[in-house]
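Data block below; observations after.
The values are calculated or read from the model by the stated rules, or taken from the named source; none is laboratory data. Only a predicted model underlies this, so the values are computations on that prediction, with no experimental measurement involved. In this analysis, Cβ positions are derived from the backbone assuming ideal geometry, glycine residues included, and neighbour counts consider all displayed protein chains. With ligands, DNA and RNA removed, areas are computed over all heavy atoms of the protein, side chains included. Shrake-Rupley method; radii C 1.70, N 1.55, O 1.52, S 1.80 Å.
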Amino acid sequence: MLPYQNLHRAEAALDRELTIAEKLWLNYSANKPDYLLHYHNILFLILFYSIAPLPYMFIELSRSKRIEKHKIQSKIKNSFQDMLKCYKDVMQTFIVVVGPLQVSSYPFIKMIGIRTSLSLPSGGEMFWQFLVYFLIEDYTAYWVHRLLHSNWGYEKIHHVHHEYSAPMGFAAPYAHWSEILILGMPAFLGPAVVPGHITTYWLWFVLRQMEAIEIHSGYDFSWSPTRFIPFYGGAKYHDYHHYVGRHSQSNFASVFTYCDYLYGTDKGYRYHKSILRMMEETVERNGGHREGSYDSMPAQDFKSE
């Protein structure tokens, strides 16, 4: 809850005129306790999970030939019933597991210094915090993901997420309840190391969820703006990990590719990509064109050394 209840007192305390965004924030949050603002996170999680995969769902159900060339595993056709079942399963996990986690984590959020007060962070401040959050989450999640591919981790926990060998947007958070908790810790680590404003905290989890939905979408669009992000993995990169499945020793990183490159866990993917490139060149020489699909060839993966 903000220490000032009106615009005059807020501007007097900051010794300047509030920005439009700060005025909106003051009007919205002045009388709301901090714990209630923190609980918004689960609402945003449910809202964006329900909305963000919808374009991919409509694309999948349209069966458009123009769009189909961008589908990574073209032989797999998900029905509306498949998507609805996945959505219901994930929502159940959100309500039973993620909701209580959000409620119980409020004391931790207060302890690390996530603030709700004015002033609001600048765009530059948010950008650098997001960059730190992504780098910390990506590195720690890489090692957690590798552990989940141990025999015990996969059989007891991670196999649930790999039920979708050809992932779709709604399957991004589809996992064993304990995996939700385990992989949630790397996401919390960034804000714990570099705490910021509650709005940055909200937007961080929204961005992370949007990224997860994209790489699980099953589509690799040449016009995607994420292609311009250095070292970004993308949908095709992560789709290969699901395609290989249980014995995958490649592409463990959740966002960027540098960890897989540094630790040698992209060998199978690079080999597979070279074979796919030769297949595409052969098709083009014969007058055809095929983009994005690799499910017509057997997967071959390599363990890191």
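What pairs come out if I take residues in segment 32-55 that are hydroxyl-bearing (S, T, Y) and pair them with residues that are open to solvent by less than 60 Å² (accessible area, probe 1.4 Å) whose C-beta lies under 6 Å away, six or more apart or interchain?
Pairs found: Y35/Y106.
In segment 162-181, what residues are outside any loop (DSSP other than H, G, I, E, B) and farther than 14 Å from K85 by Cα? Let's see the steps before the verdict.
Let us first name the residues in segment 162-181 that are outside any loop (DSSP other than H, G, I, E, B), namely 162-163, 169-171, 177-181.
Listed by number, the residues that qualify are H162, W177, S178, E179, I180, L181.
In this structure, is N31 open to solvent by 70 Å² or more (accessible area, probe 1.4 Å) and not in a helix (DSSP H, G or I)?
yes
Looking only at residues that are among the hydrophobic types (A, V, I, L, M, F, W, C) and outside any helix (DSSP H, G or I) in segment 111-145, which one is most open to solvent (accessible area, probe 1.4 Å)?
Among those residues, the one meeting the criterion is L120.
Name the residue, out of K85, K75, that is touching a residue at least 24 places away in the same chain (Cβ under 8 Å) and not aliphatic (A, V, I, L, M). Quick ask: steps written out before the conclusion?
Numbers: K85 fails: touching a residue at least 24 places away in the same chain (Cβ under 8 Å).
Being touching a residue at least 24 places away in the same chain (Cβ under 8 Å) and not aliphatic (A, V, I, L, M) holds for just one of K85, K75, which is K75.
When the residues of segment 191-214 are narrowed to those that are free of Cβ contacts under 8 Å to residues at least 60 places away in the same chain and out of contact with any Pro (no Cβ under 8 Å at 6 or more places or on another chain), which ends up surrounded by the fewest Cβ atoms within 10 Å (Cβ to Cβ)?
Initial filter on segment 191-214 (free of Cβ contacts under 8 Å to residues at least 60 places away in the same chain): 211-212, 214.
Imposing the further condition that a residue be out of contact with any Pro (no Cβ under 8 Å at 6 or more places or on another chain) reduces the set to 211, 214.
Details: E211: 19, E214: 21.
Checked segment 191-214; the qualifying residue surrounded by the fewest Cβ atoms within 10 Å (Cβ to Cβ) is E211.
Would you say Q5 is over 23 Å from S122 (Cα atoms), at pLDDT below 95 and part of a loop (DSSP other than H, G, I, E, B)?
no
Out of K85, K65, which single residue is among the basic types (K, R), modelled with pLDDT of 95 or more, in the same structural domain as E179 (by the TED database) and open to solvent by 20 Å² or more (accessible area, probe 1.4 Å)?
K85
What pairs can you find where one residue is in segment 5-28 and at negative phi and not assigned by the TED database to the domain that holds T199, the other is of a type outside the set (F, W, Y) and open to solvent by 90 Å² or more (accessible area, probe 1.4 Å), and their Cβ atoms are less than 7 Å apart, with a gap of 6+ or different chains?
E11/E17
Does at least one position in segment 225-232 carry a residue that is touching a residue at least 12 places away in the same chain (Cβ under 8 Å), part of a helix (DSSP H, G or I) and within 22 Å of I157 (Cβ to Cβ)?
So far as segment 225-232 goes, no, none of its residues is touching a residue at least 12 places away in the same chain (Cβ under 8 Å), part of a helix (DSSP H, G or I) and within 22 Å of I157 (Cβ to Cβ).
Residues that are closer than 19 Å to Y240 by Cα, aromatic (F, W, Y) and open to solvent by less than 60 Å² (accessible area, probe 1.4 Å): does segment 146-164 have at least one? So that I can check it myself, show each step before the final result.
At the first step, the residues of segment 146-164 found to be closer than 19 Å to Y240 by Cα are 146-150, 154, 158-164.
Remaining after also requiring aromatic (F, W, Y): 154, 164.
Keeping just the survivors that are open to solvent by less than 60 Å² (accessible area, probe 1.4 Å) gives 154, 164.
Yes, segment 146-164 contains a residue that is closer than 19 Å to Y240 by Cα, aromatic (F, W, Y) and open to solvent by less than 60 Å² (accessible area, probe 1.4 Å).
Exactly one condition in (1) more than 19 Å from Y139 (Cα to Cα); (2) open to solvent by less than 20 Å² (accessible area, probe 1.4 Å) is not met by D266; state its number.
The failed condition is (1).
Go through segment 136-179 and report how many residues are of a type in the set (G, A, S) and over 16 Å from the mean Cα position of the chain (by Cα).
Residues that pass the stated criteria total 5.
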